[in-house]
Amino acid sequence: MFLYVLKRLAEMIPVLLVVVVATFFLAHAVPGGPFDKERPMPAEVKKQVEAYYGLDQPLYVQLGNYIGNLAQGSLGPSMKYPGWSVNQIIGARIPVSVVLGLVSLLIAILVGIPVGVIAASRPNTWMDRVPMGFALIGICVPSFVFGPLLALVFSLQLGWFPPCGWGSASHLVLPALALGLITAAPLARLTRGELMEVYTLDYVRTARAKGVSPMRVRFVHALRNGILPVVTYLGPAAAALVSGSFVVESLFDVPGVGKLFVTAIINRDVPVILGTTLLYAVALLCLNLVADLAKAALDPRTARDRR
Amino acid sequence: MSAAPANVSAPTETGWQRFQRDRTPVIALWFLVGIAALCFSSPLLTALHWLPDYKAQDLALGPVAPGAGHWLGTDLLGRDLLARLLQGGMISISVGLIATAVALLVGVIYGVVAAEIGGRFEDLAMRVVDIVSTLPLTLIVILCTVVFGQNIWMIFLAVGGVSWLTMARIVCTKTRSLKNRQFVEAAVSLGQSRPGIVLRHYLPNLSGTIAVYATLTVPGVMLLEAFVSFLGLGVKSPMTSWGMMIKEGSDVMEQCPWLLIIPSVVFAATLLSLSYLGDGLRDAFDPRTAKK
């Protein structure tokens with residue numbers, strides 16, 4: 001088990017290196033620099049600034065320096081916010097995105113899985129068709145449609161929640177709902193589909209025959225097997241949350257990492273672009289590892305198959 | 001066909017007949033054909049003066065709610081929303097089709113080659129797919145579109161370039177199962193070359209699967225493009241796409257809700273139809289993976 005985790009972690013290093021190199025060249029190829037303003041800088045000043053950031057050196061030297069700094073845990077200085085390091089800028093925004101992401105994931109799980117269980121318990125009745133219809137719509141309506149609609153109804157029409165900003169629990173409601181309900185839809189469909197298959201298995205019939213209550217069969221006996229693919233889906237779900245967070249954070253003006261990335265692209269702030277991309281890559285790789293470990297813990301068969 | 005009881009397929013029934021028995025995917029197909037035909041005929045309609053030019057501004061007019069003069073109203077610059085919706089649809093649907101074609105090409109070649117060589121190479125190739133699919137690909141697409149100057153062809157390529165992974169995985173699994181079939185063994189023993197086997201035996205047998213998953217790729221690809229456009233990093237103004245129109249609409253949703261609602265509904269309906277169509281095709285042509 002320990003060796004397996006170690007092996008997976010070691011596997012991440014070359015992957016992350018490839019991500020760094022690819023993003024590095026892409027970000028440096030972006031036309032326009034962070035110092036291009038409406039009023040051009042005097043040539044000498046620009047030269048000084050570029051020398052400070054090492055931009056006057058050949059690209060491969062810059063790449064070498066960047067990886068060297070990275071090995072020491074530094075993401076370099078920001079080009080748009082002088083005096084701030086990228087570590088500080090990103091560090092200040094991580095808690096915001098983590099809170100938003102966790103609450104959304106919680107909403108997704110608390111809505112998606114029970115809905116899937118209920119739908120599977122009465123297949124092809126209204127209790128199945130109505131929630132599954134909503135789930136299909138939820139899959140097809142992207143976050144950037146759902147988010148504005150939520151804001152339109154609950155903020156502008158009803159005035160229940162603030163339309164944008166950050167700071168109190170009521171600010172969290174709309175963005176977390178926008179992200180969470182969109183993620184709940186595929187979860188509900190997945191749970192229903194898997195449970196429908198598990199319900200046909202012999203051990204479920206045995207449990208029913210020996211008089212286990214229907215609720216216990218559904219939520220304890222069947223769900224443990226039915227939940228396996230749902231746990232595996234945690235990886236893709238996290239990826240969807242990440243890309244959804246760009247839109248939702250920009251839309252509701254949440255000062256998180258997603259908004260930072262979009263702003264950095266518009267500002268051509270190369271170190272921030274690199275830093276956020278790297279952060280997302282690490283987060284997603286780790287989440288996939290966690291999903292695999294959780295699956296192994298729930299299903300001894302996959303644990304045995306592992307090399 | 002009418003005599004056959006529901007959900008029981010005759011052995012002689014073709015996939016196409018099975019597809020047509022279910023009503024929803026057929027309706028979805030006709031809806032999509034209609035939308036696509038309308039969108040792609042919009043330059044012709046404009047040339048015939050049946051439809052205003054999507055670029056023509058009328059600043060004096062400003063935003064007008066849907067009504068007799070402009071059926072779907074106008075945007076802030078007084079541009080006709082119907083004309084823009086059709087033009088945007090043309091871009092969005094083109095991205096969907098062309099990027100899917102790119103994804104198809106890369107994914108099928110990758111999958112077939114990996115499975116055909118087999119052994120450690122196949123393991124390694126599939127591990128690469130696994131790892132790449134856990135990366136934040138949306139960020140890469142955004143970067144690519146910015147680097148290459150929001151050129152429409154680069155958007156096709158970038159979106160297609162990250163959407164081939166599922167296709168590669170499915171094609172690889174399918175090809176591996178084909179490898180042990182008797183007709184392939186027969187072809188090998190008759191001395192057919194490996195490229196010949198791939199072309200004559202693998203690809204024809206894979207075509208159904210490929211078609212099904214291509215249909216399921218289209219909505220994802222369109223979503224990705226709309227997403228990039230929504231962030232203001234997609235196609236360039238005055239060109240438009242559905243994602244960009246939704247973005248413009250969400251900026252002014254308080255004053256002009258129709259600018260948000262109409263493109264959103266059309267976009268969501270198109271995506272919904274595409275997934276119904278994809279599910280229908282999968283159930284009809286790939287019955288083993290169909291859900292009970």
Within region B:231-260, which residues are at the interface with chain A (Cβ under 8 Å from one of its Cβ atoms) and part of a helix (DSSP H, G or I)? B:243, B:246, B:247, B:249, B:250, B:257, B:260
Quick one: which of A:49, A:98 is β-branched (Val, Ile, Thr), free of Cβ contacts under 8 Å to residues at least 60 places away in the same chain and closer than 30 Å to residue B:229 by Cβ? A:98
Out of A:135, A:43, I need the residue that is of a type in the set (A, V, I, L, M) and within 28 Å of the chain's Cα centre (by Cα). Which one? A:135
Positions within region A:118-132 being among the aliphatic types (A, V, I, L, M) and over 25 Å from the mean Cα position of the chain (by Cα), in sequence order: A:118, A:119, A:120, A:127, A:130
Just to verify a result, which residue in region A:253-301, among those that are over 23 Å from residue B:130 (Cα atoms) and charged (D, E, K, R), is nearest to the other protein chains (Cβ to nearest Cβ)? A:268
From A:55, A:6, A:70, A:63, which residue is closer than 22 Å to residue A:267 by Cβ, out of contact with any strand residue (DSSP E or B) (no Cβ under 8 Å at 6 or more places or on another chain), more than 14 Å from chain B (Cβ to nearest Cβ) and at pLDDT 80 or above? A:63
Restrict the check to region A:135-148 and report whether at least one residue is away from chain B (no Cβ under 13 Å), closer than 29 Å to residue A:226 by Cα and at pLDDT 80 or above. no
Number of the exception - residue B:89 against (1) farther than 20 Å from residue B:258 by Cβ; (2) in contact with a Leu (Cβ under 8 Å, 6 or more places away or on another chain); (3) surrounded by 19 or more Cβ atoms within 10 Å (Cβ to Cβ): (1)
Over region B:86-144, the set of residues among the small types (Gly, Ala, Ser) and either within 30 Å of residue B:31 (Cα to Cα) or in contact with a Cys (Cβ under 6 Å, 6 or more places away or on another chain) (or both) is B:88, B:89, B:92, B:94, B:96, B:99, B:101, B:103, B:107, B:111, B:114, B:115
Could you run through region A:254-273 and say how many residues are touching a Phe, Trp or Tyr at 6+ places or on another chain (Cβ under 6 Å) and in contact (Cβ under 8 Å) with a residue 60 or more places away in the chain? 3
Among the helices (runs of 4 or more DSSP H) lying completely within region B:90-191, list those that include at least 1 residues that are of a type in the set (D, E, K, R) and more than 12 Å from every other protein chain (Cβ to nearest Cβ). B:119-133, B:165-179, B:182-189
Determine whether residue A:100 is hydrophobic (A, V, I, L, M, F, W, C), out of contact with any Cys (no Cβ under 7 Å at 6 or more places or on another chain) and in a loop (DSSP other than H, G, I, E, B). no
Within the group A:105, A:156, which residue is in a helix (DSSP H, G or I) and at pLDDT below 80? A:156
Are any residues in region A:215-236 more than 15 Å from residue A:295 (Cα to Cα) and in contact (Cβ under 8 Å) with a residue 40 or more places away in the chain, and if so, which ones? A:218, A:219
Which condition from (1) over 27 Å from the mean Cα position of the chain (by Cα); (2) part of a helix (DSSP H, G or I); (3) farther than 15 Å from residue A:121 by Cα is the one that residue A:211 breaks? (2)
Is it the case that some residue within region A:185-196 is of a type in the set (Lys, Arg) and either surrounded by fewer than 21 Cβ atoms within 10 Å (Cβ to Cβ) or more than 14 Å from chain B (Cβ to nearest Cβ) (or both)? no
Condition set among the hydroxyl-bearing types (Ser, Thr, Tyr) and part of a helix (DSSP H, G or I), scope region A:116-153, selection surrounded by the fewest Cβ atoms within 10 Å (Cβ to Cβ): answer is A:121
Output for Cβ contacts, cut-off 6 Å, separation at least six or different chains, first residue without any contact (Cβ under 8 Å) to a residue 24 or more places away in the chain and surrounded by 15 or more Cβ atoms within 10 Å (Cβ to Cβ) in region B:61-82, second charged (D, E, K, R) and in a loop (DSSP other than H, G, I, E, B), reads B:78/B:58
Looking only at region B:39-66, which residues are aliphatic (A, V, I, L, M) and either in a loop (DSSP other than H, G, I, E, B) or within 20 Å of residue B:249 (Cβ to Cβ) (or both)? B:48, B:51, B:56, B:59, B:60, B:61, B:64, B:65
Return the total of residues in region B:19-77 being within 30 Å of residue B:285 (Cα to Cα) and charged (D, E, K, R). 3
Report whether or not residue A:98 is within 14 Å of chain B (Cβ to nearest Cβ) and under 17 Å from residue A:175 (Cα atoms). no
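The values are calculated or read from the model by the stated rules, or taken from the named source; none is laboratory data. Quick caveat, the model's predicted, so the values are computed rather than measured. When we count neighbours, we look across all protein chains shown, and the Cβ atoms used for this are built from the backbone with ideal geometry, even at glycine.
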